[in-house]
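Notes follow the structure.
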Amino acid sequence: MVPEDIILKPVLTEKGYDGIADKCYTFKVAKSANKTQIKIAVEQMFGVRVASVNTVTCPGKLKRMGRNSGYTPATKKAIVRLTEDSKAIEHFNSLS
């Protein structure tokens, strides 16, 4: 898999903004990606050094429209922490 298929988009929430100062970034990733693939993809895309990767699988929520019900798609998030000597990701500099 190429890095663009693994890292889908950044997650820009209040909790995500708080981690930027500590070099901790949150991304939405492919459900089939493991921690090693995510680490390699972030290092290749942004030219940084990754210290650790934590992942969480978020199950879909039950939604109803009238008597019909269904689930939204499940997603996977990765919280990536960079090393202390690594540079910050430029895309997030203007957000913090």
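The values are calculated or read from the model by the stated rules, or taken from the named source; none is laboratory data. It should be emphasised that the depicted structure is a prediction, and the values quoted were computed from it without experimental measurement. Glycine also receives a Cβ, built like all others from the backbone with ideal geometry; neighbour counts cover every protein chain displayed. Quick note on the areas: whole protein, heavy atoms, side chains included, nothing else; ligands and nucleic acids left out. Shrake-Rupley method; radii C 1.70, N 1.55, O 1.52, S 1.80 Å.
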> Of all the accessible heavy-atom surface of the chain, with the other protein chains kept in place and a 1.4 Å probe, what percent is carbon and sulfur?
Replying inline: 51
>> Using a Gaussian network model on the chain with a 10 Å cutoff between Cα atoms, which of SER86, SER32, SER69 fluctuates the most?
In response: SER69
> Given that compact globular proteins tend to follow 2.2 N^0.38 Å, what is the ratio of the alpha-carbon Rg of the range 1-45 to that value?
Replying inline: 1.16
> What whole-number value in Å² describes the accessible area per residue of the chain for a 1.4 Å probe?
Replying inline: 68
> Ranked highest first by average number of other Cβ atoms within 10 Å, how do 55-61, 24-30 line up?
Replying inline: 24-30, 55-61
> Can you flag which of LYS28/LYS61; LYS9/LYS61; LYS35/LYS87; LYS35/LYS63; LYS39/LYS61; LYS23/LYS61 are past 26 Å Cα-Cα?
Replying inline: LYS35/LYS63; LYS39/LYS61; LYS23/LYS61
>> Let's test the formula: R0 of 30 Å, r as the Cβ-Cβ distance of THR55 and GLU90. What FRET efficiency results, to the nearest 0.05?
In response: 0.80
> More than 11 Å apart: what percent of Cα pairs in the range 50-95 qualify?
Replying inline: 76
>> With n ≥ 4 as the cut-off for DSSP H runs, can you work out [θ] at 222 nm for the chain, using -39500 (n - 2.57) per run divided by the number of residues, rounded to the nearest 500?
In response: -6500 deg cm²/dmol
> Across 5 Å bins from 0, what is the distribution of all Cα-Cα pair distances for the chain, in whole percents?
Replying inline: 3, 13, 23, 22, 16, 9, 6, 4, 3, 1, 0, 0
